[in-house]
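The structure under discussion appears below in the form of structure tokens.
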Number of protein chains: 2
Amino acid sequence: MLQHRPLRLIPSLSHSFTYSAASELSASVRRRSSRAYSIHANASVGTGIQNIDPSKLSITNTTTPKQLLPPEELIFGRNFTDHMLSLEWTASQGWLPARITPYQNLSLDPATCVFHYAFECFEGMKAYKDKQGNVRLFRPEMNMARLNKSSARIALPTFDGAAMTELIGKFVKLDERFIPEARGYSLYLRPTMIGTQRTLGVGPPASALLYVIASPVGPYYPTGFKAVSLEATDYAVRAWPGGVGDKKLGANYAPCIVPQMQAASRGFHQNLWLFGEEEYVTEVGTMNLFAAIKNKETGQSELLTAPLDGTILEGVTRDSILGLARERLEPQGWKVSERRFTMKELADAADEGRMMEVFGAGTAAVVSPVRKISWKSRLVECGLADHAEAGPIAQQMKDWIEGIQYGDEDGHPWSYKVV
Amino acid sequence: MLQHRPLRLIPSLSHSFTYSAASELSASVRRRSSRAYSIHANASVGTGIQNIDPSKLSITNTTTPKQLLPPEELIFGRNFTDHMLSLEWTASQGWLPARITPYQNLSLDPATCVFHYAFECFEGMKAYKDKQGNVRLFRPEMNMARLNKSSARIALPTFDGAAMTELIGKFVKLDERFIPEARGYSLYLRPTMIGTQRTLGVGPPASALLYVIASPVGPYYPTGFKAVSLEATDYAVRAWPGGVGDKKLGANYAPCIVPQMQAASRGFHQNLWLFGEEEYVTEVGTMNLFAAIKNKETGQSELLTAPLDGTILEGVTRDSILGLARERLEPQGWKVSERRFTMKELADAADEGRMMEVFGAGTAAVVSPVRKISWKSRLVECGLADHAEAGPIAQQMKDWIEGIQYGDEDGHPWSYKVV
């Protein structure tokens, strides 16, 4: 199953091309090559180097298996399983054989490019245990496709998503004792790719590491939904046209913390990112956002979310909600819209009695109902009764999606049974 | 010299505040705290925890000193000195005592936040040897101030810049044998701060590492200037108002590589970042940009650079050129302007015989002359005669600044003599 296909989405560019540019950071490289500005395109990338080959996986079992934590003590992303999956890549060799090893530290030179230029991207996905004890993933091909788009955007290598999914399955099976049996529990998986080249020169990394770690997690809402409140942010901007806000890059996260802390300091759980003078509603914290309103002109029930215009993270849960809404809500008379909408449009819907509900969408909670949004010194109420913690659409979506994730809808194409 | 002052630019926010937000990434934290949304502001940060104290520095000398490379073999950012300087920070204790140790790998858990959310920022600065053998830094307070602004923007800790400069001086003195004596050579210093908290939860890191590594570098242009050609980029956008383009974050670099590679694939050394429908000229690659033109209305010689509007990196070389131009060019009749200018304005100047010269400005080259810019299927010539590799202003600025850096202008306030 050794594969020989192009590894990179930009096959006409090669790692061996001359960095003779006037970067402050490529001074001496330039010094060595400033007389030859030629571009050695197609020199080696894309021909004859290895893609991921799952048959070459090696496994080193831990000799010190961890004790399982009581489920109620699980903290998101804090505790990890016994092992990790890792694959090294070099520009000259492609993907080296995958290894499952005991969970262990990475030892990296302090000049490694991941520490300086944010050559890093990741995915969030989960493994579930169904009633029969099978291990299931949810739409893993979506995560692999997105990781490839993220990595290509920052000049990291791409890979065969199906082969990687196969490897993730083997890893999860090895550590499946960490997946609690109960509904609501799962194993959060974090595929991560980092540039590992040891140089301060700014250029495409000639080596990278793709690794997967796994953290057992409990239900997002152990006692049922809990609606959140948001603060609309207009002084800071998460993403912009021509930027990278649609990719799952580390670069999109660190700059969001201070606005999040500022919202929290005023008592809001998350901030809501607006964009432009029009104050388009884009995303909430680290989730996509949906709103259900009655259309102003037609009175039709409309499920709204921002379109994938390059500033919106292409959420797997977002896509799943849209798919289910088109399949199961449209026949009930709903309109499902991927379109731009403004904060004023939401406020008007609230003022005019047309607001039904608002919720975030992401891997951890599936959906996260919103009670109110602070905007321009007012609070926009999002349609929840005082005693309610979720609207009917949020509840329905959570039930549908979890039903598929935990294998209740047997044979659903979104559920990937690990064999 | 133990100091007790606020460490963080956002002293009203604490690392201990409750992360109950609906982030997909804070699921279980939320689970544990979703009933208490209170913010524990001012709990510990800013009171009674340590700032950097240079008197507590410990030094462990290497037992395997490296051989010096022949100067002509130096490659930027590839080879490092014998030692490194590092300081750990924790939210509860502040800055722990600084250590100089042998240069060594960092050992980090694969869940460390720097690998996932780009909690990283850095500086570029240089140490020079003057004719008397003294070691000199160039405006180090500018780098320390900028690093503090960068770190605060991504919820990393701030620090006493003067204390850090003192420590950097001790580090550089210890490894001063790596600074070649000859003019044009220097020791590139890379102060770097990374978040080191071991969690996938998205929040302010409760621990960080500030380290400095040093790479001996040769002259940018060993045989004199070499003018570069640029490609104006309009399909990708480096920075945005309300974004973080004015901070020296890792997050600003990885997304710039593919546009740089695409410019290179068409034979250009760097890309020039335009902004907006107006096509404002912002920065070139990893440098600031200056243009010298004859003003269209007055005929006056004008030195132009983009203003610090939040999208422009606040370059130390940029600031130095502006300062010298105001001090030494304005008396000669020049106008010095920090203002927005468009690509069309440059093209018009070229077409109308008013183009004098264009150059990039950064730490490595001081200035980097530009011969031509590709823009909308045309080439804008930037005023250089065919045989010339630099215009007179670029040459003058390089001479003035290097004169200060290497201590020729003794007592100049921009040169910091390490004692």
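Odds and ends about this structure:
Quick grid of which residues meet (1) touching a strand residue (DSSP E or B) at 6+ places or on another chain (Cβ under 7 Å); (2) among the polar types (S, T, N, Q); (3) within 30 Å of B:Leu346 (Cα to Cα):
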{"position": "B:Asn143", "(1), (2), (3)": "yes, yes, no"}
{"position": "B:Lys149", "(1), (2), (3)": "no, no, no"}
{"position": "B:Thr158", "(1), (2), (3)": "no, yes, no"}
{"position": "B:Ala162", "(1), (2), (3)": "no, no, no"}
{"position": "B:Phe171", "(1), (2), (3)": "yes, no, no"}
{"position": "B:Glu181", "(1), (2), (3)": "yes, no, no"}
{"position": "B:Pro191", "(1), (2), (3)": "yes, no, no"}
{"position": "B:Ile213", "(1), (2), (3)": "yes, no, no"}
{"position": "B:Tyr221", "(1), (2), (3)": "no, no, yes"}
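- Verdict on B:Thr286 being modelled with pLDDT under 95, in contact with an Asp or Glu (Cβ under 7 Å, 6 or more places away or on another chain) and not assigned by TED's automatic domain parsing to the domain that holds B:His116: yes
- Here B:Ala388 does not qualify as in the same structural domain as B:His269 (by TED's automatic domain parsing), modelled with pLDDT of 95 or more, open to solvent by less than 50 Å² (accessible area, probe 1.4 Å) and closer than 28 Å to B:Gly310 by Cα.
- Residues that are closer than 18 Å to B:Pro241 by Cα number at least 2 in the following strands (runs of 3 or more DSSP E) confined to the stretch B:269-315: B:270-275, B:280-284.
- Subset of the stretch A:399-419 [free of Cβ contacts under 8 Å to residues at least 40 places away in the same chain and in contact with a strand residue (DSSP E or B) (Cβ under 8 Å, 6 or more places away or on another chain)]: A:Glu409
- Scanning the stretch A:203-227 for residues that are over 22 Å from the mean Cα position of the chain (by Cα) and open to solvent by 20 Å² or more (accessible area, probe 1.4 Å) yields a total of 7.
- Hey, B:Gly403 at pLDDT 95 or above, surrounded by fewer than 20 Cβ atoms within 10 Å (Cβ to Cβ) and in a loop (DSSP other than H, G, I, E, B) or not: no
- Scan of the stretch A:111-128 for residues that are in contact with a Gly (Cβ under 8 Å, 6 or more places away or on another chain), aliphatic (A, V, I, L, M) and at negative phi, ordered by number: A:Ala111, A:Val114
- Conditions (1) farther than 30 Å from B:Cys121 by Cβ; (2) open to solvent by 10 Å² or more (accessible area, probe 1.4 Å); (3) within 13 Å of chain B (Cβ to nearest Cβ); number of the one not met by A:Asn252: (1)
- Set B:Leu230, B:Leu303: member being at pLDDT 95 or above, touching a strand residue (DSSP E or B) at 6+ places or on another chain (Cβ under 6 Å), open to solvent by less than 10 Å² (accessible area, probe 1.4 Å) and farther than 26 Å from A:His116 by Cβ: B:Leu303
- Here A:Arg266 fulfils each of the conditions (1) surrounded by 20 or more Cβ atoms within 10 Å (Cβ to Cβ); (2) more than 8 Å from every other protein chain (Cβ to nearest Cβ) apart from (1).
- Checked against the criterion of being aliphatic (A, V, I, L, M) and under 28 Å from A:Phe178 (Cα atoms), the candidates A:Ala163, A:Ala152, A:Ala111, A:Ala118 yield just one match: A:Ala163.
- Yes/no for A:Ile257 being part of a strand (DSSP E or B) and within 23 Å of A:Val114 (Cα to Cα): no
- Residue that is within 28 Å of B:Pro255 (Cβ to Cβ), in contact with a helix residue (DSSP H, G or I) (Cβ under 8 Å, 6 or more places away or on another chain) and of a type outside the set (S, T, N, Q), where the choices are A:Glu357, A:Glu338, A:Glu283, A:Glu381: A:Glu338
- Test result for B:Ile75, facing chain A (nearest Cβ under 10 Å) and of a type in the set (Val, Ile, Thr): yes
- Residue count for the stretch A:209-233 satisfying the condition of being facing chain B (nearest Cβ under 8 Å), under 23 Å from A:Phe290 (Cβ atoms) and either outside any strand (DSSP E or B) or hydroxyl-bearing (Ser, Thr, Tyr) (or both): 4.
- Within the stretch A:50-69, considering residues that are closer than 16 Å to A:Pro216 by Cβ and under 27 Å from the mean Cα position of the chain (by Cα), the one farthest from the other protein chains (Cβ to nearest Cβ): A:Leu68
- For the stretch A:84-115, filtering for residues that are assigned to a strand (DSSP E or B) and either among the β-branched types (Val, Ile, Thr) or free of Cβ contacts under 8 Å to residues at least 40 places away in the same chain (or both) leaves 5.
- Test: B:Gly94 is touching a Leu at 6+ places or on another chain (Cβ under 8 Å), under 30 Å from A:Glu120 (Cβ atoms) and within 8 Å of chain A (Cβ to nearest Cβ): no
- Count of the stretch B:99-115 residues, restricted to those that are buried (at least 19 other Cβ atoms within 10 Å of the Cβ) and either facing chain A (nearest Cβ under 7 Å) or aliphatic (A, V, I, L, M) (or both), is 7.
- Wholly enclosed strands (runs of 3 or more DSSP E) of the stretch B:116-157 bearing at least 1 residues modelled with pLDDT of 95 or more, closer than 30 Å to B:Gly218 by Cβ and open to solvent by 10 Å² or more (accessible area, probe 1.4 Å): B:125-129, B:135-138
- Selection count, the stretch B:286-300, where residues are surrounded by fewer than 23 Cβ atoms within 10 Å (Cβ to Cβ) and of a type in the set (Val, Ile, Thr): 1
- As a summary of the residue check, B:Asn134 satisfies the conditions (1) away from chain A (no Cβ under 12 Å); (2) within 30 Å of A:Thr101 (Cβ to Cβ) except for the one numbered (2).
- Taken over the stretch B:342-378, residues that are hydrophobic (A, V, I, L, M, F, W, C) and open to solvent by 50 Å² or more (accessible area, probe 1.4 Å) amount to 1.
- Looking only at the stretch B:158-182, and only at residues there that are open to solvent by 10 Å² or more (accessible area, probe 1.4 Å) and of a type in the set (Asp, Glu), the one that is nearest to A:Leu200 (Cα to Cα): B:Glu176
The values are calculated or read from the model by the stated rules, or taken from the named source; none is laboratory data. Source: prediction; values computed, not measured. A quick note on method: Cβ atoms are made from the backbone with ideal geometry, for glycine too, and the neighbour counts reach across all protein chains shown. What goes into the accessible areas is simple: the full protein's heavy atoms, side chains included, and nothing from ligands, DNA or RNA. Shrake-Rupley method; radii C 1.70, N 1.55, O 1.52, S 1.80 Å.
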